[in-house]
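First up is the structure itself, then whatever we jot down about it.
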Amino acid sequence: MTYPLYVPPEQIIKDRADFARRGARRGLPALALSTADGVLLAARNPSRALRKISEIYDKVGFAAVGKWSEFEALRVAGIRYADLRGYSYDRVDVTARGLAGAYAQTIAAAFTSDPKPLEVEVAVAQVGETQMDDAVFHITFDGAVSDELPWAVLGGAPAGAHETMTEGWRPGLTLPEAGELARAALGALGGGETAFEAAVLTRGAVGRSFVRLAAIP
Amino acid sequence: MTGLPREFFAPGNSFIDFLRAQAPDVLAAAVAPAGGQATLAAPAAASAPTAAAVAPALTAATQTPPTGTTVLALAYRDGVIMAGDRRATQGHQIASREIEKVFPADRFTAIGIAGVAGIAVQLVRLYQLELEHYEKVEGAPLSLTGKANRLATMLRSQLELALRGLAALPLLAGRDPAADGPGRIFAFDVTGGAYEEREFAAVGSGALFAKGSLKKLRKPQGTARAAIRAALGALADAAEEDTGTGGADPARSIYPVVARVDQRGYARIPDGELAKLYGGLT
């Protein structure tokens, strides 16, 4: 008689977390940070076609790292979520908070019950009327959400980047200053000189605020 | 624990297709469910019309212009001008003196509408969102011809409503941001035909008069100012001959909605500027 192999639940979760973390952090990093002029989204990305940063709605933007196919599906789902909400109610009713919740549920459900957890890390950012109203939500591979910081660093080896951001970020940073900080944080992770991808959610814009930039300002 | 439903992850870049699958109740009468009937009133009429019934209804729908309204578009040197009157009618009464019938479809396209107000407004709202949705998902906007074809498809799916006399007809004008020179204009019929027009086009009950006027007034290589003046003149002519078209009302500061699409994108002409041009017109 054979017995099914017993694996403690702690071990199952730990194995899945290790697997997902490795996958999500294998790629080049991305970040979102609040500045005086709007919310800056930046990523190291040698590809011109496969984007890590995207517009979601008027004031809401998206940045992600990990498996492209997986966060691309999340990105499109986010646009659909936002457009459906804005069409059913009103454009002002679409918020980063709502979308972050939906992403957290989706990623957490995949983490616990799908054959394979999603190997992604996502930031959902919203530009407000003032810098106090900005929001940056950071969602990790297990569906955990955090919004304590006015910035989020995704993927890579965030230790060096976190320190750079903690030391360098202050309220009232202008866009060029924030660009310099972003470059330092993303560059601190190493990986050679690769192209950057950047966009800004412009503060005070009427309607759609997402503007793609040719380079980090 | 659940997340976003499965439909959110289906392939595709059309918001309307997504709505059909995920929230058909939100997708109201303007675009009927694929293969089904529009969910609007009259259960007797809701059964699929027979071929014999369709033919006369279709003739009527294609030959009678939508009640009320004149919306026109004309190309000029650097782009295109679209203008629409402000009157909405309900039978013999005036329902509104300041309704708007010209809207930005996206940054480089203007859409004007004639026909049943509720359907027309919803058509515009859905179309604006469809273009924005495509642009966000794909990372690049549709081509101008692509935009016209997409609008034609939307009209095709509301054909059944049109057969019941609930038609809305759009006019589309814009330019490809990359292209130089005059803008392009597309007119439509209720069956979903899209026709690119040279130089100028108009829809609505006053369209005939506006087109006659534009034929004489337009200068294809003229300036934006000359084109706006021609548009205002044509609208004034239409308002004189057609009860469904309202004229400018300087006493109340109500002027037509006039929009320009050039290399900088869509811009509405301020009333103050229109007032000055009107002064020169009369």
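Here are the numbers for this structure:
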quantity: Other protein chain Cβ atoms within 10 Å, averaged over every residue that makes up A:116-124; calculated: 0
quantity: In order through region A:198-212: 3J(HN,Hα) via Karplus (6.51 cos²θ - 1.76 cosθ + 1.60), integer Hz, x for Gly, Pro; calculated: 8, 8, 9, 8, 6, 6, x, 5, 8, x, 6, 9, 6, 10, 7
quantity: Given A:K59/B:K276; A:K52/B:K101; B:K101/B:K276, the pairs whose alpha carbons are separated by over 29 Å; calculated: A:K59/B:K276; A:K52/B:K101
quantity: Residue among B:G139, A:L84, A:A152 farthest towards the positive dipole end of the protein assembly as shown, charges placed on Cβ; calculated: B:G139
quantity: Interchain or long-range residues, amide H under 5 Å from A:F210's placed H; calculated: A:T202
quantity: Global geometry of region B:167-231, whether rounded, prolate or oblate, following the gyration tensor of its Cα atoms and the 1.5 cut on a/c; calculated: oblate
quantity: Computed FRET value (nearest 0.05) for A:E180 with A:T112, which takes r as the C-beta separation and R₀ as 25 Å; calculated: 0.05
quantity: Cut-off 14 Å between beta-carbons: net charge of the residues surrounding A:S34, Lys and Arg +1, Asp and Glu -1; calculated: -4
quantity: FRET efficiency estimate (nearest 0.05) - Cβ-Cβ, A:D90 to A:M132, R0 25 angstrom; calculated: 0.60
quantity: FRET efficiency, B:E196 to B:R264 (Cβ-Cβ, R0 22 Å, nearest 0.05); calculated: 0.45
quantity: Stokes-Einstein D in µm²/s, Kirkwood radius over Cα pairs - the protein assembly as shown at 4 °C with 1.567 mPa s viscosity; calculated: 52
quantity: Net lengthening on full extension, A:A36/A:A195 (0.36 nm per residue, minus Cα-Cα); calculated: 54.7 nm
quantity: Region B:66-281 - percent relative contact order, Cα under 8 Å, separation 6 or more; calculated: 32
quantity: Chain A: radius of gyration over Cα atoms, expressed as a fraction of 2.2 N^0.38 Å; calculated: 1.04
quantity: Measure of compaction for region B:109-203 (Cα Rg per 2.2 N^0.38 Å); calculated: 1.07
quantity: Tensor-based shape of region B:113-157 (alpha-carbon gyration tensor, a/c under 1.5 rounded, otherwise prolate or oblate); calculated: prolate
quantity: For region B:154-166, Karplus couplings with θ = phi - 60° (6.51, -1.76, 1.60), whole Hz, Gly/Pro x; calculated: 5, 5, 4, 7, 10, 4, 4, 5, 4, 5, 8, x, 10
quantity: DSSP-loop trypsin sites (Lys or Arg not before Pro) across region B:142-249, with at most 13 other Cβ within 10 angstrom; calculated: B:R198
quantity: Separation of the A:R26 and A:A214 label points, Cα + 7 Å toward Cβ, nm; calculated: 3.5
quantity: In Å, descending, principal axis extents of the Cα set of region B:66-281; calculated: 47, 42, 27
quantity: Around A:A20: net Lys/Arg minus Asp/Glu count, Cβ-Cβ under 12 Å; calculated: +1
quantity: Charge tally in the Cβ shell below 14 Å around A:Y57, where Lys, Arg are +1 and Asp, Glu are -1, A:Y57 excluded; calculated: +1
quantity: Amide H contacts under 5 Å for A:F196, placed H, 5+ residues apart; calculated: A:N45
quantity: Column: log10 I(q)/I(0), Debye, Cα scatterers of region B:162-280, q = 0.13, 0.16, 0.17 Å⁻¹; calculated: -0.57, -0.86, -0.97
quantity: Unit charges at the beta carbon, dipole of region B:66-281: most positive-side option, B:G265, B:S213, B:L123; calculated: B:S213
quantity: Burial ranking of peptide ranges A:129-137, B:165-173 (average Cβ count within 10 Å, highest at the top); calculated: B:165-173, A:129-137
quantity: Distant-in-sequence amide H partners of B:E197 (H built 1.01 Å from N, under 5 Å); calculated: B:I185, B:F186, B:A187
quantity: Net dipole in debye of chain B [+1 Lys, Arg Cβ; -1 Asp, Glu Cβ; about Cα centre; nearest 20]; calculated: 480
quantity: Angle between chain A longest axis and helix A:96-113 axis [Cα atoms, degrees, rounded to 10]; calculated: 20
quantity: Full-stretch length increase - A:I13, A:A144 - with 0.36 nm per residue and alpha-carbon distance subtracted; calculated: 45.8 nm
quantity: Spin-label pair B:I254/A:W68, simplified geometry with 7 Å Cα→Cβ offset, distance in nm; calculated: 5.5
quantity: Stretch gain in nm, segment B:A179-B:V26, where the contour uses 0.36 nm per residue and the Cα spacing is subtracted; calculated: 51.4 nm
quantity: Global form of region A:72-152, assessed from the alpha-carbon gyration tensor, a/c cut-off 1.5; calculated: oblate
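Laboratory data are not the source of any read-out in this text; all were calculated from the coordinates shown. This structure is a prediction, so every number in the text was calculated from the model and none was measured. Heads up, the Cβs are rebuilt from the backbone with ideal geometry, glycines too, and the neighbour counts pull from every protein chain shown.
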